[in-house]
1. Exposure proxy check: Val36, Val47 ranked by fewest other beta carbons within 10 Å?
2. Filter the GluC sites (Glu not before Pro) in region 15-79 to those in DSSP coil with at most 12 other Cβ atoms within 10 Å of their Cβ, and list the result.
3. Note the full-extension length gain between Arg31 and Ala16 as 0.36 nm times their separation in residues minus their Cα-Cα distance, in nm to one decimal.
Amino acid sequence: MKKSQSKTHNILSIRAIIDDAKCFQTVRELRWPDGVCCPHCDSRSVVKYGRDETQPERQRYHSRSCDRYLDDLTERFSKGIISH
Ligand SMILES: [Zn+2]
């Protein structure tokens, strides 16, 4: 993957980025220990699709199966769990 960002960061923002990276990495490991799975259709045909504009460590994905986009924090659809 190409890195085209040439922004300079001060110490504080580097720290914040490292912490974010750790945070999102932990989220990914807990959530998808065997690889990314689409929360919309449960498919494993998920490819990486860039990063969040405001949170560079937040990986975005594209599900080839249902043609939807997701990221590290996209919630699963709660089908049939809530019934009134
Ligand atoms: Zn999907």
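What follows draws every value from the coordinates through simple rules; no lab data is involved. What you see is a predicted model; the values in this text were computed from it and never measured. Cβ placement follows ideal geometry from the backbone for every residue including glycine, while neighbour counts extend to all protein chains displayed.
1. Values: Val36 19, Val47 9.
Taking fewest neighbouring Cβ atoms as first place, the list is Val47, Val36.
2. Glu53, Glu75
3. Values: separation 15, 0.36 × 15 = 5.40 nm, distance 2.21 nm.
Separation in residues times 0.36 nm, less the Cα-Cα distance, equals 3.2 nm.
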